[in-house]
């Protein structure tokens, strides 16, 4: 069950780290994204413990393989597990889409306003937030959407 949590956390962390340039600061939004998904995964681990052991014990965790395994066996899992699995998948998809949209909307602002900032550890994201008043309207809206996801 810890394997599923690690797999999801790794998948989300890859997504967030790849997209964090459009988020707030890694220590804030990325951490919140990861923490919220880890909470959902903990619930998933409880409700799906039997199914994970039965159907996915031989799956190598990482890159979403555990989630794919659970989805492949969704016709055999119980209703509570199925609900929690869907909740985690939808939350991951929503977070990923919001971050991807923000990266797209902020690409020009990243280059023009934060081009000299060394990427990594949320530095570009922090730069964008600091420049929020002067970024494009689309980028400012995308940053707000990312901040909204953090509170959901």
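Only residues that are on the phi < 0 side of the Ramachandran plot, in contact (Cβ under 8 Å) with a residue 24 or more places away in the chain and not in a helix (DSSP H, G or I) were counted across region 60-101, and they come to 4. For residue 113, the test of being farther than 30 Å from residue 47 by Cβ, surrounded by 15 or more Cβ atoms within 10 Å (Cβ to Cβ) and touching a residue at least 12 places away in the same chain (Cβ under 8 Å) is passed.
Close contacts from region 136-152, counting a first residue that is buried (at least 18 other Cβ atoms within 10 Å of the Cβ) and a second that is at pLDDT below 90 and not in a helix (DSSP H, G or I), with Cβ to Cβ under 6 Å and a gap of 6+ residues or different chains, come to 146/23.
Checking each residue in region 123-132 for being modelled with pLDDT of 80 or more, part of a helix (DSSP H, G or I) and either crowded, with 23+ Cβ neighbours inside 10 Å or in contact with a helix residue (DSSP H, G or I) (Cβ under 8 Å, 6 or more places away or on another chain) (or both) picks out 124, 127, 128, 129, 132. Say whether the condition of being more than 12 Å from the chain's Cα centre (by Cα) and modelled with pLDDT under 85 is met by at least one residue in region 8-23. The answer is yes, given that some residue of region 8-23 is more than 12 Å from the chain's Cα centre (by Cα) and modelled with pLDDT under 85. Sort out which residues of region 101-114 are more than 8 Å from residue 139 (Cα to Cα) and in contact with a helix residue (DSSP H, G or I) (Cβ under 9 Å, 6 or more places away or on another chain), and write them in order of number. Listed by number, the residues that qualify are 101, 103, 104, 107, 108, 110, 113, 114. Restricting 34, 88 to residues that are under 19 Å from residue 147 (Cβ atoms), touching a helix residue (DSSP H, G or I) at 6+ places or on another chain (Cβ under 9 Å) and at pLDDT below 85 narrows the list to 34.
Would region 74-83 turn up any residue that is at pLDDT below 85 and touching a helix residue (DSSP H, G or I) at 6+ places or on another chain (Cβ under 9 Å)? Let's see the steps before the verdict.
Keep residues of region 74-83 that are at pLDDT below 85, which gives none.
No: zero hits.
The values are calculated or read from the model by the stated rules, or taken from the named source; none is laboratory data. Everything quoted here is computed from the prediction, not taken from an experiment. Neighbour counts run over all protein chains shown; Cβ positions are idealised from the backbone, glycine included.
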